[in-house]
1. Just for the range 89-109: of the residues that are among the polar types (S, T, N, Q) and touching a strand residue (DSSP E or B) at 6+ places or on another chain (Cβ under 9 Å), which one is surrounded by the most Cβ atoms within 10 Å (Cβ to Cβ)?
2. Only one residue in Val35, Val58 is closer than 14 Å to Gly80 by Cα and surrounded by 11 or more Cβ atoms within 10 Å (Cβ to Cβ), so which one is that?
3. Condition first: closer than 19 Å to Leu107 by Cα, of a type in the set (Phe, Trp, Tyr) and touching a residue at least 24 places away in the same chain (Cβ under 8 Å). Now tell me which residues in the range 1-58 satisfy that.
4. Give me the residue from the range 68-88 that is under 12 Å from the mean Cα position of the chain (by Cα) and not β-branched (Val, Ile, Thr) and, out of that set, surrounded by the fewest Cβ atoms within 10 Å (Cβ to Cβ).
5. Pull up the range 86-100, narrow it to residues that are among the polar types (S, T, N, Q) and in a loop (DSSP other than H, G, I, E, B), then point me to the one that is farthest from Glu4 (Cα to Cα).
6. How about the range 14-30: which of its residues are assigned to a loop (DSSP other than H, G, I, E, B) and either closer than 22 Å to Asp70 by Cβ or of a type in the set (D, E, K, R) (or both)?
Amino acid sequence: MIMEASKDSYPKEFGAFLKAEHEIIYEILMLPGTVQGDHHTLFNLYHKGIDFSVVGSVHSHPSGVALPSDADVSMFSNTGPIHIIVASPYRISDFQAFNRKAEKIDLKVL
């Protein structure tokens, strides 16, 4: 679903939040008012509410580089322990996962 949403948003970035239970990400949460741009995704965090199942974020990099920018690192530190960046051409292998410090982590796709 994430890869398809990223393809649909191309050439703009796609962005959403990740919901998990028992360490399994089971849903993406798309916030109303999210702005997708060529080099950014802006979330209106007032629409997120209090939801303890939200564990992080996912967004795309249309450039094809799945490495965090300085803005990504700043967001990671404030929005949960797990973050995924997917990169064009959006195949199942075109992603990297990071912790809140923007360090790469292993994430298994089920």
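The values are calculated or read from the model by the stated rules, or taken from the named source; none is laboratory data. Just so it is clear, the model here is predicted, and its values are computed rather than measured. Every residue, glycine among them, receives a Cβ derived from its backbone with ideal geometry; neighbour counts consider all protein chains shown.
1. Filtering the range 89-109 for residues that are among the polar types (S, T, N, Q) and touching a strand residue (DSSP E or B) at 6+ places or on another chain (Cβ under 9 Å), the one surrounded by the most Cβ atoms within 10 Å (Cβ to Cβ) comes out as Gln96.
2. Val58
3. If the condition is that a residue be closer than 19 Å to Leu107 by Cα, of a type in the set (Phe, Trp, Tyr) and touching a residue at least 24 places away in the same chain (Cβ under 8 Å), then Phe17 is the only one that fits.
4. Within the range 68-88, the match that is surrounded by the fewest Cβ atoms within 10 Å (Cβ to Cβ) is Pro81.
5. Among them, the one singled out is Asn99.
6. Phe14, Glu23
Residues checked against (1) in a helix (DSSP H, G or I); (2) of a type in the set (A, V, I, L, M, F, W, C); (3) modelled with pLDDT under 95; (4) out of contact with any helix residue (DSSP H, G or I) (no Cβ under 8 Å at 6 or more places or on another chain):
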{"residue": "Glu4", "(1), (2), (3), (4)": "yes, no, no, yes"}
{"residue": "Ile50", "(1), (2), (3), (4)": "no, yes, yes, yes"}
{"residue": "Gly64", "(1), (2), (3), (4)": "no, no, no, yes"}
{"residue": "Ser74", "(1), (2), (3), (4)": "yes, no, yes, yes"}
{"residue": "Asn78", "(1), (2), (3), (4)": "no, no, yes, yes"}
{"residue": "Ile84", "(1), (2), (3), (4)": "no, yes, no, no"}
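Table: residues versus (1) in a loop (DSSP other than H, G, I, E, B); (2) among the charged types (D, E, K, R).
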residue	(1), (2)
Lys12	yes, yes
Pro32	yes, no
Val58	no, no
Pro68	yes, no
Ala102	yes, no
